[in-house]
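The block underneath contains the structure these notes are about, expressed in structure tokens.
The values are calculated or read from the model by the stated rules, or taken from the named source; none is laboratory data. Everything quoted here is computed from the prediction, not taken from an experiment. No Cβ is skipped: glycine too gets one built from the backbone with ideal geometry, and neighbour counts run over all protein chains shown.
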Amino acid sequence: MFSILAALALLPTLAPRPADDVLALVPEPVSVVRAQGTFTLDAGTQLYADAEDIGGHSAAESFGLVARPSTGFALALGDLGAETPANSVVFTRKQADAQLGMEGYSLEVSDTGAVVRSLGAAGLLHGAQTLLQLFPPELFARSAQAGVAWSAPGVVIRDAPRFVWRGLMLDVSRHFMTKDEVERVLDQMVLHKLNVFHWHLVDDHGWRIEIKDYPKLTQIGAWRGAIGFGLEPKDSSAYDKDGRYGGFYTQDEIREVVAYAAARQITVVPEIEMPGHSVAALAAYPQFSCTGGPFDVNVPAGVHAGIYCPGNEATFGFLQDVLTEVLGLFPGPFVHLGGDEVPREEWTKCARCKKRMQDEKLGSPAELQSWFLKRIEKFVNGKGKRVIGWDEILDGGLAPNAAVMSWRGTQGGLAAASAGHDVVMCPNESLYLDHAQALTGEPLSIGGFTPLDAVYAYEPVPEGLSVAQQKHVLGAQGNLWTEYVPNAAHAEYMLWPRACAVAELCWTPRAKKDFGDFERRMDVHKRRLSYMGVHYRPLPPAGLDDALAFEGGSPPRVSLAAVIPGATAKISFDGSDPDKNGAALEDRMPLPNGNCRVRARIYRPDGNESFLVEALVVLGKARVRTTLGQEANNGLERAFDLDEASFFWTNRALRTDDHLTLELFGIRTLKHARVTTGDADKPLDRLQSGVLEVLPVNGEWKSVADFTDGKVDCDLPPEPIRAVRLRCTASQPNWLRVHEFTIQ
């Protein structure tokens with residue numbers, strides 16, 4: 001497990017409510033009005049629900065189960081009579097506001113107790129979660145907490161969700177997570193009123209669901225020889241007694257997870273990928289491919305040619321048998337069929353596929369994929385279910401009842417909703433939670449940069465839709481792919497607090513969203529997560545990127561800036577994560593000769609949270625800053641190693657004003673700069689449109705030279721400067737390779 005989690009295991013010290021008595025509710029309700037009085041929970045408090053109301057009793061039990069470990073109160077549950085007793089917490093459908101719907105609720109807290117009203121079981125449970133958040137964060141602790149006044153302020157809340165689909169996707173194909181670990185994610189979801197769990201059960205790297213008619217799917221497809229993805233084997237415990245890596249859920253375990261979710265008003269949507277991302281299935285049953293195999297589950301990340309053969313009639317018998325068992329385990333309305341990243345070249349070489357296209361009068365492989373999915377959809381519809389798939393299922397024509405999950409930006413969602421199809425928005429640039437949360441100091445990830453504020457800022461309804469078309473936007477979800485997330489603790493680090501932002505953008509009215517207010521509430525809410533034992537990513541203080549202060553000289557030196565008053569830090573110069581036993585960062589500490597990666601773990605004075613910061617120092621005279629990619633993950637140092645054969649890659653397409661900057665230690669006069677990008681045989685990897693700029697001491701950035709054929713080799717003006725940078729002046733779709741950046 002990566003050591004960035006080590007400092008997160010400690011619970012925060014007890015603290016009173018903030019001075020302004022802020023109501024730190026996440027997600028923010030539609031309407032909150034402060035009222036007189038304070039309700040104090042004690043051993044004599046009674047829970048009540050309407051007689052024979054299973055949903056009401058379940059909401060009351062949920063409240064009691066959360067409160068009991070921290071308070072020690074075994075709150076009794078009884079049936080509500082004609083009168084509402086004092087010192088009670090009531091969950092009732094009586095006098096509920098019909099305008100709030102089945103998921104909406106009202107909540108009133110006064111001196112005598114609290115009353116949650118809703119027409120639906122889901123609304124009663126959502127009201128319970130809001131009520132829990134009105135008490136001190138210590139209420140969420142899993143052990144007894146002494147010296148806490150268990151009081152909630154008087155309020156009147158009216159609340160209902162903006163969207164019906166408020167989801168999280170968890171990929172367990174790349175790295176298996178146990179049933180208990182999955183249920184732990186569901187517990188975290190319910191607090192945030194997230195109500196759809198998209199379970200990515202199969203992919204190229206593992207088949208995770210027992211299918212009784214086809215036992216080799218789990219006997220062969222659920223296991224591979226190693227953890228893969230360049231990860232450390234010790235980062236996961238998903239090994240069997242023979243050392244194979246993987247695992248699967250029995251059908252009984254699937255039923256238990258589905259029931260666990262249903263009790264928390266969460267719908268589970270299984271994903272059974274087809275026709276692509278099917279290497280694990282075809283490793284077990286290669287006869288359903290175009291080539292007959294063999295196939296190996298031990299494949300790297302990426303897109304692979306393991307796809308089902310639509311020209312083989314037996315393929316559909318296999319898939320229908322599989323789906324029959326799957327649909328019998330999941331009572332929700334949707335099954336996800338994937339449909340993304342299909343390398344259709346296999347079909348152009350397959351005689352059976354070409355005959356199928358001829359027989360069905362299909363003009364392209366894209367139309368063959370559409371025909372494939374429409375045929376499967378007809379079968380699924382016959383079982384009383386609906387199909388949803390990634391936005392590639394729009395290619396070649398979409399089945400009439402299918403819904404779309406828009407991941408390649410928002411265009412797929414816009415097109416689907418415009419055509420009258422339901423859509424769930426999860427664009428990769430905003431809601432892919434496998435992306436890094438900061439440009440530096442993060443664990444290895446697949447790439448990309450999606451910080452908390454970018455998630456929060458996302459608006460699920462694309463511009464250009466009519467009012468009627470907007471109704472087809474069911475909602476949004478955060479997606480956690482796990483190529484580089486090998487264990488549950490790492491998954492929690494990637495999910496939270498960004499999933500809090502997903503919850504709020506799906507629940508809270510657009511007009512009420514305010515990131516500054518969200519951050520203020522999260523300062524309290526993170527304590528709830530800590531008491532729950534969630535391995536969330538700590539919320540960084542302002543200015544953390546400048547916590548390391550450098551100065552020139554021989555040797556150059558580094559100090560800890562006062563971003564966090566009273567903080568201490570441990571430091572390394574080899575790129576390793578310094579732990580509490582590492583070397584202390586002292587004032588004006590000398591740097592080693594040459595290029596070095598400085599990493600510091602900064603601890604708050606109470607020791608409960610720590611933050612990893614890093615800096616690449618080159619030539620003994622400059623710190624590197626960039627918006628082009630993660631410093632730790634994609635070889636930034638290779639752009640400064642004086643080796644033209646090595647390169648730094650940007651990990652994504654370029655945007656205007658992306659830059660690679662050398663911030664000089666002090667003010668200097670430089671003579672020459674040379675930058676080379678791209679390869680001779682790969683001109684698209686060059687910087688297509690860019691400029692080299694310098695920053696004078698008392699001026700603004702100014703251009704020195706334009707890039708030509710991806711290169712700059714020029715003298716610099718004879719004036720003191722503070723920095724020099726490569727800047728992209730126009731976006732380009734290709735990733736950029738920077739082979740060398742030298743200054744003299």
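Quick test for you: out of 631, 614, pick the one residue that is crowded, with 19+ Cβ neighbours inside 10 Å, part of a loop (DSSP other than H, G, I, E, B), of a type in the set (Asp, Glu) and at pLDDT below 90.
Among 631, 614, only 631 is crowded, with 19+ Cβ neighbours inside 10 Å, part of a loop (DSSP other than H, G, I, E, B), of a type in the set (Asp, Glu) and at pLDDT below 90.
Can you tell me which of (1) part of a strand (DSSP E or B); (2) assigned by TED's automatic domain parsing to the domain that holds residue 197 is the one residue 180 doesn't meet?
(1)
Only residues in the stretch 465-485 that are assigned to a loop (DSSP other than H, G, I, E, B) count as the first member; pair them with residues that are among the acidic types (Asp, Glu), Cβ under 6 angstrom, at least 6 apart or cross-chain, and list the lot.
Cβ pairs passing all conditions: 472/422; 481/171; 481/434; 482/171.
Might you let me know whether the stretch 236-252 holds any residue that is farther than 26 Å from residue 447 by Cα and surrounded by 22 or more Cβ atoms within 10 Å (Cβ to Cβ)?
For the stretch 236-252, residues farther than 26 Å from residue 447 by Cα and surrounded by 22 or more Cβ atoms within 10 Å (Cβ to Cβ): present.
Just wondering, is there one or more residues in the stretch 514-524 that are assigned to a loop (DSSP other than H, G, I, E, B) and either without any contact (Cβ under 8 Å) to a residue 12 or more places away in the chain or touching a Leu at 6+ places or on another chain (Cβ under 9 Å) (or both)?
yes
Just for helices (runs of 4 or more DSSP H) wholly inside the stretch 292-377: which have at least 1 residues that are surrounded by fewer than 19 Cβ atoms within 10 Å (Cβ to Cβ) and modelled with pLDDT under 95?
The qualifying helices (runs of 4 or more DSSP H) are 345-349.
Against the conditions (1) crowded, with 16+ Cβ neighbours inside 10 Å; (2) in contact with a Leu (Cβ under 8 Å, 6 or more places away or on another chain); (3) within 30 Å of residue 160 (Cβ to Cβ), where does residue 504 fall short? Just the number, please.
Every listed condition holds for residue 504 apart from (2).
Search the stretch 261-291 for residues being assigned to a helix (DSSP H, G or I) and out of contact with any helix residue (DSSP H, G or I) (no Cβ under 9 Å at 6 or more places or on another chain), and hand back the single one that is surrounded by the most Cβ atoms within 10 Å (Cβ to Cβ).
Step by step, filter the stretch 261-291, then rank; the result is 279.
Could you please let me know if residue 89 is of a type in the set (A, V, I, L, M, F, W, C), outside any loop (DSSP other than H, G, I, E, B) and under 30 Å from residue 184 (Cβ atoms)?
Taking the combined requirement at face value, the residue satisfies it.
Any chance you could count how many residues in the stretch 705-744 are out of contact with any helix residue (DSSP H, G or I) (no Cβ under 6 Å at 6 or more places or on another chain), over 22 Å from residue 642 (Cα atoms) and not acidic (Asp, Glu)?
11
Tell me, yes or no, whether the stretch 446-467 has at least one residue that is within 21 Å of residue 484 (Cβ to Cβ) and of a type in the set (D, E, K, R).
Of the stretch 446-467, the ones within 21 Å of residue 484 (Cβ to Cβ) are 446-452, 454-455.
Narrowing further to those that are of a type in the set (D, E, K, R): none.
Taking every residue of the stretch 446-467 in turn, none turns out to be within 21 Å of residue 484 (Cβ to Cβ) and of a type in the set (D, E, K, R).
Any idea which of (1) outside any helix (DSSP H, G or I); (2) of a type outside the set (Lys, Arg); (3) surrounded by fewer than 22 Cβ atoms within 10 Å (Cβ to Cβ) is the one residue 456 doesn't satisfy?
Tallying (1) outside any helix (DSSP H, G or I); (2) of a type outside the set (Lys, Arg); (3) surrounded by fewer than 22 Cβ atoms within 10 Å (Cβ to Cβ), residue 456 fails exactly one: (1).
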